[in-house]
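*Asks:* Structure incoming, see below.
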Amino acid sequence: GEDVEQSLFLSVREGDSSVINCTYTDSSSTYLYWYKQEPGAGLQLLTYIFSNMDMKQDQRLTVLLNKKDKHLSLRIADTQTGDSAIYFCAGGTGGFKTIFGAGTRLFVKA
Amino acid sequence: DVKVTQSSRYLVKRTGEKVFLECVQDMDHENMFWYRQDPGLGLRLIYFSYDVKMKEKGDIPEGYSVSREKKERFSLILESASTNQTSMYLCASSSIAGSYNEQFFGPGTRLTVL
């Protein structure tokens, strides 16, 4: 079945760039998402990319999509301690079902 | 400010008890979802609903049922709670009008079954 895989942990120093990677299996995914979950809270959509795009930039966030390799990445520039959270990669066709990865826990060291 | 609320943040129940988890959204969304979140497994879909009184099984429906009597409210029911249902439960909603199907999540209910 459909699957989304991502590494479970990432640790970076404050001010460095963070890159969180994700691979997915469902080539019919129309939208690919990054959700952020802060401690004690639900998930919140951070950004998304349409499958016919290669890149999307939004302030400190850059999303890269390699559709051939089914690889998605999220780059956070100038990472701050407030970016410490769990980041979920997800894919969907715009319908009911969205498949979520296991989440990458980002630790930012001051 | 759009909101999805869940009835409890923390819940402790005993094996065999019937458990109700309530979710309410104020965005007039058609779609509502129940997920469980476990470390290393991410979010797994239990059930979803695309309209009042309509429900569809997700990936792990066994041991759960749902009820959607009103558009804004979606309930998850554990008929006879078991220890392997100890987990974080997340409710979400989305609109069919949105082009990219963003889901809005509640803060979660951490359920412990003893």
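Matching residues to (1) of a type outside the set (Ser, Thr, Tyr); (2) closer than 24 Å to B:His29 by Cβ:
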| site | (1), (2) |
| --- | --- |
| A:Tyr35 | no, yes |
| A:Asn52 | yes, no |
| A:Gln57 | yes, no |
| A:Cys89 | yes, yes |
| A:Gly103 | yes, yes |
| A:Leu106 | yes, no |
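*Asks:* Taking B:Ile77 and the conditions (1) touching a Phe, Trp or Tyr at 6+ places or on another chain (Cβ under 9 Å); (2) under 18 Å from A:Ala102 (Cα atoms), which numbered condition does it fall short on, given that it satisfies the others?
*Replies:* (2)
*Asks:* On the given criteria, is B:Arg68 assigned to a strand (DSSP E or B), surrounded by fewer than 21 Cβ atoms within 10 Å (Cβ to Cβ) and in contact (Cβ under 8 Å) with a residue 24 or more places away in the chain?
*Replies:* Numbers: assigned to a strand (DSSP E or B): yes; surrounded by fewer than 21 Cβ atoms within 10 Å (Cβ to Cβ): yes; in contact (Cβ under 8 Å) with a residue 24 or more places away in the chain: yes.
So B:Arg68 fits the description; yes.
*Asks:* Only one of A:Phe50, A:Phe100 is of a type in the set (Phe, Trp, Tyr) and free of Cβ contacts under 8 Å to residues at least 40 places away in the same chain; which?
*Replies:* A:Phe50
*Asks:* Looking at the stretch A:86-110, which of its residues are at the interface with chain B (Cβ under 9 Å from one of its Cβ atoms) and among the aliphatic types (A, V, I, L, M)?
*Replies:* Once the filter is applied, which keeps residues that are at the interface with chain B (Cβ under 9 Å from one of its Cβ atoms) and among the aliphatic types (A, V, I, L, M), the stretch A:86-110 yields A:Ala90, A:Ile99, A:Ala102.
*Asks:* Of the conditions (1) more than 11 Å from chain A (Cβ to nearest Cβ); (2) touching a residue at least 24 places away in the same chain (Cβ under 8 Å); (3) outside any strand (DSSP E or B); (4) over 15 Å from the mean Cα position of the chain (by Cα), B:Val12 satisfies every one except a single condition; which number is it?
*Replies:* (3)
*Asks:* Report whether or not A:Gln80 is within 17 Å of A:Glu38 (Cβ to Cβ) and either open to solvent by 30 Å² or more (accessible area, probe 1.4 Å) or in contact with a Pro (Cβ under 9 Å, 6 or more places away or on another chain) (or both).
*Replies:* The answer is yes for A:Gln80.
*Asks:* Give me a count of the residues in the stretch A:18-64 that are farther than 29 Å from A:Lys109 by Cβ, more than 10 Å from chain B (Cβ to nearest Cβ) and assigned to a strand (DSSP E or B).
*Replies:* So the count comes out to 1.
*Asks:* Scan (1) within 15 Å of B:Gly106 (Cβ to Cβ); (2) more than 14 Å from chain A (Cβ to nearest Cβ); (3) open to solvent by 10 Å² or more (accessible area, probe 1.4 Å) for the single condition B:Lys3 breaks and write down its number.
*Replies:* Of everything listed in (1) within 15 Å of B:Gly106 (Cβ to Cβ); (2) more than 14 Å from chain A (Cβ to nearest Cβ); (3) open to solvent by 10 Å² or more (accessible area, probe 1.4 Å), B:Lys3 misses just condition (2).
*Asks:* Identify the residue in the stretch B:87-114 that is more than 10 Å from chain A (Cβ to nearest Cβ) and more than 14 Å from the chain's Cα centre (by Cα) and, among all such residues, is modelled with the lowest pLDDT.
*Replies:* It comes out as B:Ala97.
*Asks:* Across the stretch B:18-46, what is the total count of residues that are within 13 Å of chain A (Cβ to nearest Cβ), open to solvent by 20 Å² or more (accessible area, probe 1.4 Å) and either farther than 20 Å from A:Ala41 by Cβ or acidic (Asp, Glu) (or both)? I'd like the intermediate steps shown before the answer.
*Replies:* From the stretch B:18-46, those within 13 Å of chain A (Cβ to nearest Cβ) are B:23, B:25, B:29-46; that's our starting set.
When the remaining residues are screened for being open to solvent by 20 Å² or more (accessible area, probe 1.4 Å), the result is B:30, B:36-41, B:44.
With the extra rule that they be either farther than 20 Å from A:Ala41 by Cβ or acidic (Asp, Glu) (or both), the set shrinks to B:30, B:38.
The number of residues fulfilling the criteria is 2.
*Asks:* Would you pick out the residues in the stretch A:83-108 that are at pLDDT below 95 and surrounded by fewer than 20 Cβ atoms within 10 Å (Cβ to Cβ)?
*Replies:* Once the filter is applied, which keeps residues that are at pLDDT below 95 and surrounded by fewer than 20 Cβ atoms within 10 Å (Cβ to Cβ), the stretch A:83-108 yields A:Thr93, A:Gly94, A:Gly95, A:Phe96, A:Lys97.
The values are calculated or read from the model by the stated rules, or taken from the named source; none is laboratory data. The model shown is predicted, which means the values in this text are computed figures rather than measured ones. Cβ sites come from the backbone with ideal geometry, for glycine too, and all protein chains shown count toward neighbours. Just the protein is used for accessible areas: all its heavy atoms, side chains included, with ligands, DNA and RNA removed. Shrake-Rupley method; radii C 1.70, N 1.55, O 1.52, S 1.80 Å.
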